[in-house]
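Here the structure is laid out as structure tokens; the discussion comes afterwards.
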Amino acid sequence: MSDLFGKLRRHSKRLKWTTEADGEFDKKKEEMELCDTDQQLLEWAMREVFGQSQKYEERARNAIAKAEEQHATGLTPSSNASGSANPPPQLTSTHLELQHPTYPYLIAHLMHSFRDKYRDPHLALSIFDYARHLSIPSYVFGCTTPAYNELLETRWSCFRDLRGVHDALEEMRVNGVEPDGRTKKLVEKLRREVGARTVWEEESMFGSGEVVGMLSKIEQLAIKEPRGKRGKGSGRKGPAFDAWKGDALKEDVED
């Protein structure tokens, strides 16, 4: 399971942002703006974002099943007259697309909309949680840096959940999700606001000493790991997330 997760994570970093993806992202955002209520937006998300994710996964599973069947019957192109064994089918980007490149940015945009436009941070957190549990490909390809940044901002700005911020950053580190400039800005903002408060929720739970220690750990987690510890670089990056924000700042693999 962990080996598969690692392979998918490396594959997710190789997804390339194309002109087609850019157009699709703009189209989806326009559709989101046409929703008049949070209920309409949620229904749209279940159909157009998570429904699409499940379709991608289904196509991938069918492609894998077909490749395995061809491998078992000796029909793969690699078979030859000498009768040498065929290598097992490989899961590569040339065979299938596990998720659309816009998927993580749509998740992030949904979280931002529910939190800031509809004032429902709980629903924003639920969007991340739903993507996390929908499937392994959904978690790996959808819960990337943009979505984690929205998770961090929601946990801190709406709930002052220092522990939650720490846990999210630690989860990013464990899963190989790299922080970016916005991650760093969010942590810097958090540090300023913690320093300005004299009494706050975490104090009563952990004590001031533990708060300071947790804050120090948060700052460490927001720093990218040395290049030697990370996977090789990805291709063309997706849209500048803060730019479109503008005025405000497959299936779980069976054991």
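Per-residue answers, yes or no, for (1) under 18 Å from the mean Cα position of the chain (by Cα); (2) at pLDDT 70 or above; (3) of a type in the set (S, T, N, Q):
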residue	(1), (2), (3)
Pro179	yes, yes, no
Leu186	yes, yes, no
Val194	no, yes, no
Gly209	no, yes, no
Gly213	no, yes, no
Gln220	no, yes, yes
Arg227	no, no, no
Gly235	yes, no, no
Ala240	yes, no, no
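Of the residues that make up the stretch 153-160, is at least one over 27 Å from Phe50 (Cα atoms), at pLDDT below 95 and surrounded by 14 or more Cβ atoms within 10 Å (Cβ to Cβ)? Steps first, answer last, please.
Of the residues in the stretch 153-160, the ones over 27 Å from Phe50 (Cα atoms) are 160.
Among the residues that remain, those that are also at pLDDT below 95 are: 160.
Those left that are additionally surrounded by 14 or more Cβ atoms within 10 Å (Cβ to Cβ): 160.
Yes, the stretch 153-160 contains a residue that is over 27 Å from Phe50 (Cα atoms), at pLDDT below 95 and surrounded by 14 or more Cβ atoms within 10 Å (Cβ to Cβ).
Checking Thr183 against (1) among the polar types (S, T, N, Q); (2) closer than 28 Å to Leu34 by Cβ; (3) in contact with a Leu (Cβ under 8 Å, 6 or more places away or on another chain), which single condition isn't satisfied?
Among (1) among the polar types (S, T, N, Q); (2) closer than 28 Å to Leu34 by Cβ; (3) in contact with a Leu (Cβ under 8 Å, 6 or more places away or on another chain), Thr183 violates only (2).
The values are calculated or read from the model by the stated rules, or taken from the named source; none is laboratory data. From a predicted model like this one, the values you see are computed outputs, not experimental measurements. Note that we place each Cβ from the backbone using ideal geometry, even for glycine, and neighbour counts take in every protein chain shown.
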